[in-house]
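Comments concern the structure below.
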Amino acid sequence: MNTNQLRQDIIDYSQKIGIDKIGFASADIFEGLKQRLKRQQELGYQSGFEKGSVDERTEPARLLPEAKSIISIALAYPSRIKDGPKSTKEERRGVFCRASWGTDYHDVLREKLGKLETFIKARVPDANTKIMVDTGELSDRAVAERAGIGFSGKNTAIITPEFGSYVYLGELMTNIPFVPDTPLEDGCGSCRKCLDACPTGALVQGGQLNAQRCLAFLTQTKDFMPDEFRPKIGNFIYGFDTCQVVCPYNKQVDFHNHPEFEPEPDVAKPKLKPMLRVSNREFKETFGHIAGSWRGKKPLQRNALIALAHYKDKTAVDTIIVVMNEDPRPVIRGTAAWSLGKIGTDKAYAAIREAMEKESDEQVLTEMEKGLAFQEVSAT
């Protein structure tokens, strides 16, 4: 088997099936990453969404014992919505981060990698392979960095020379020993725009993220959002990508190479009030195909309530009162009460007081007290 010719054939085929960038890496242990991950654990900086142990996340042979190479791919996604809907005083809108526009990237990348896998096995029938996209044990970014797809920026994203950091990543492990690509040199230099723009200080230093303070992570949690972070998410209902937007490598970058990733304007920027009362079926029909739906509707509805508070949307008061009184979920009832207090109308405060008389959940009662505290502040 001529692996050099096969390597070139794979590159040529990847371009035919719409892969924007491809690179090859060795399947050696990611020693540097292993030490960083252990340090992250010690500091309590992990999100809890990580899959597998540190060893599984840094030793490819634990996932595919005969692994020799890892093929990394990148697909570019749009950074702008053409003719995007505007938020108005009557109909405020939330926003999903750019990485959740269009069809769920996990599905699209798995399809592309599946085609690569079929292509390889047609030429090497005894090839062993394993596909991973985001939810696998390996770090997509560490693989992409080793494969020369891009360098790891201070915002912890992979930054490509061609597409900035607006790329989705996936990989295919194999027992075929391909010649690896050369990693790119770091391109951040002394720039610290992402660190300065992070509203919570989640970027502790260049390339190190405290996920527990990252708004992108916090928008995906299902419990009450800590008070400190509520004013900072603005109208984001899923994800947060300011650290990418301010990056000089992303200036004027907007690729529309894949129809699957084209944002549906009313899905990427949904109206907030209807979201509060959406049924499970409506949620699945409207949002089920995008990456931002993976945690279900509860976090998004909680964030929608926070966004309405951010806007001080008085037109939403009646709807939020119904949510506070009728929703069976304490996190939603409590956040609704807090939101009403933040919006701050007389009707909102009266509704909170009335609801407190029949509320039994201690956490919800605490949120109601927080809501009423806004009245005291505004009166001083």
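A short reminder: the numbers here are calculations on the coordinates, not readings from a lab. Keep in mind that this is a model prediction, so the values were computed, not measured. Every residue, glycine among them, receives a Cβ derived from its backbone with ideal geometry; neighbour counts consider all protein chains shown.
Could you work out, for the chain, what percent of all Cα-Cα pairs fall into each 10 Å distance bin, beginning at 0 Å and stopping at the bin that holds the largest distance?
5, 22, 29, 23, 14, 6, 2, 0
Calculate the dipole size of the range 109-250 relative to its Cα centre from +1 charges on Lys and Arg beta carbons and -1 charges on Asp and Glu beta carbons; express the result in debye to the nearest 20.
Values: 15 positive and 17 negative charges, 32 e Å.
It comes to approximately 160 debye.
Convert each backbone phi in the range 8-18 into a coupling constant with the Karplus relation 6.51 cos²θ - 1.76 cosθ + 1.60 (shift: θ = phi - 60°), then list the ³J(HN,Hα) values in order as whole Hz, x for Gly and Pro.
Each residue's phi maps through the Karplus curve to give 5, 4, 5, 4, 4, 5, 4, 5, 5, 9, x Hz.
Determine ³J(HN,Hα), in whole Hz, for all residues of the range 289-301 in sequence, where each value follows from phi through the Karplus function 6.51 cos²θ - 1.76 cosθ + 1.60 and θ = phi - 60°; x replaces Gly and Pro.
For the range 289-301, the Karplus curve yields 8, 9, 4, x, 8, 5, 8, x, 7, 4, x, 5, 5 Hz.
Taking amide H positions as placed in the peptide plane 1.01 Å from N, state which residues far from LYS21 in sequence (5 or more) or on other chains have amide H under 5 Å from it.
Correct list: ALA74.
Any idea what angle helix 105-123 forms with the longest principal axis of the chain, computed on alpha-carbon atoms, 0 to 90 degrees, nearest 10?
Once rounded, one gets 10 degrees.
With +1 assigned to the C-beta of every Lys and Arg and -1 to the C-beta of every Asp and Glu, and no other charges, what is the dipole magnitude of the chain about the Cα centre in debye, to the nearest 20? Mind dumping the intermediate values first?
Details: 53 positive and 53 negative charges, 111 e Å.
Result for the chain is approximately 540 debye, rounded to the nearest 20.
Normalised by the residues of the range 312-380, what does the relative contact order come to in percent, with Cα pairs under 8 Å and at least six apart?
Numbers: 85 pairs, mean separation 23.4, N = 69.
Relative contact order for the range 312-380 comes out at 34 percent.
List the pairs from LYS112/LYS273; LYS21/LYS68; LYS38/LYS130 whose alpha-carbon separation is above 28 Å, in the order I gave them.
Details: LYS112/LYS273 37 Å; LYS21/LYS68 21 Å; LYS38/LYS130 25 Å.
Violating the 28 Å Cα-Cα cut-off are LYS112/LYS273.
In nm², what is the average projected area of the convex hull enclosing the Cα atoms of the range 27-80?
Projected over every direction and averaged, the Cα hull of the range 27-80 covers 5.4 nm².
Amide H to amide H under 5 Å from LYS68: which residues, 5+ apart in sequence or cross-chain, H placed 1.01 Å off N in plane?
THR174, ASN175, ILE176
Only Cα pairs under 8 Å and at least 6 apart count here; give the relative contact order of the chain as a rounded whole percent.
On the way: 696 pairs, mean separation 73.4, N = 380.
Here the relative contact order equals 19 percent.
If you take the beta carbon distance between ARG192 and ASP254 as r and set R0 to 22 Å, what does 1/(1 + (r/R0)^6) give as a FRET efficiency, to the nearest 0.05? Numbers along the way, then the final one.
Numbers: r = 24 Å, r/R0 = 1.10.
Once rounded, the FRET efficiency stands at 0.35.
Can you give me the distance in nm between label points at LYS298 and LYS82, each placed 7 Å from the Cα along the Cα-to-Cβ direction?
Placing both labels 7 Å beyond Cα along the Cβ direction yields 3.9 nm.
To the nearest 10 degrees, how steeply does helix 362-379 sit against the main Cα axis of the chain, on a 0 to 90 scale?
70 degrees
Kindly write out, for the range 273-282 in residue order, the coupling ³J(HN,Hα) from the Karplus curve 6.51 cos²θ - 1.76 cosθ + 1.60 (θ = phi - 60°), rounded to whole Hz, with x marking Gly and Pro.
4, x, 5, 5, 10, 5, 7, 4, 5, 5
Sticking to Cα atoms, compute the Rg of the range 170-322 to one decimal and its Dmax as the biggest Cα-Cα distance, whole number, in Å.
In order Rg, Dmax, the Cα atoms of the range 170-322 give 18.9, 64 Å.
Of all DSSP beta bridges in the chain, what percent run antiparallel (nearest 5)? It would help to have the intermediate numbers written out before the result.
Numbers: 24 of 26 bridges.
Close to 90 percent.
Within the set LYS222/LYS342; LYS34/LYS251; LYS16/LYS193, which residue pairs have Cα atoms separated by over 28 Å?
On the way: LYS222/LYS342 21 Å; LYS34/LYS251 32 Å; LYS16/LYS193 37 Å.
Violating the 28 Å Cα-Cα cut-off are LYS34/LYS251; LYS16/LYS193.
Helix 330-343: angle to the longest alpha-carbon principal axis of the chain, degrees 0 to 90, nearest 10?
60 degrees
Running a GNM on the chain with Cα contacts under 10 Å, which residue among LEU308, LEU138, LEU184 ends up with the highest mean-square fluctuation?
LEU184
Within the range 300-330, name every residue whose backbone N is under 14 Å away from a label modeled 7 Å from Cα of GLU282 along the Cβ vector.
Zone members listed by number: 301, 319-320, 323.
Where is the GNM fluctuation largest for the chain (alpha-carbon springs, 10 angstrom cutoff): TRP338, TRP101, TRP294?
Result for the chain, Cα springs under 10 Å: TRP294 fluctuates most.
Fully extended, how many nm does the chain gain between ASN128 and LEU365 (0.36 nm per residue separation, minus their Cα-Cα distance)? Write out the running numbers ahead of the final one.
On the way: separation 237, 0.36 × 237 = 85.32 nm, distance 5.65 nm.
Taking ASN128 through LEU365 to full extension adds about 79.7 nm, to one decimal.
Dividing the convex hull volume of the alpha carbon atoms of the range 312-380 by its residue count, what do you get in Å³ per residue? Mind showing how you got there, number by number?
Working: hull volume 4.7 nm³, N = 69.
So the per-residue hull volume is 68 Å³.
Would you kindly enumerate the cysteines in the chain that have no other Cys beta-carbon under 4.7 Å from their beta-carbon?
CYS97, CYS188, CYS191, CYS198, CYS214, CYS247 - these cysteines have no disulfide-compatible partner (Cβ-Cβ under 4.7 Å) in the chain.
Report the trypsin sites (Lys or Arg not before Pro) located in the range 166-224 that are in a DSSP loop and have at most 16 other Cβ atoms inside 10 Å of their Cβ, or state none. The partial results should precede the final answer.
On the way: sites: ARG192, LYS193, ARG213, LYS222; in loops: ARG192, LYS222.
Hits after loop and neighbour filter: ARG192, LYS222.
Given labels modelled 7 Å from the Cα in the Cβ direction, how far is it in nm from ILE11 to ALA61?
Taking the two extended label points, one gets 2.9 nm.
Between the DSSP loop rule and a limit of at most 15 other Cβ atoms within 10 Å, which GluC sites (Glu not before Pro) in the range 182-261 are left?
Working: sites: GLU185, GLU228, GLU260; in loops: GLU185.
Hits after loop and neighbour filter: GLU185.
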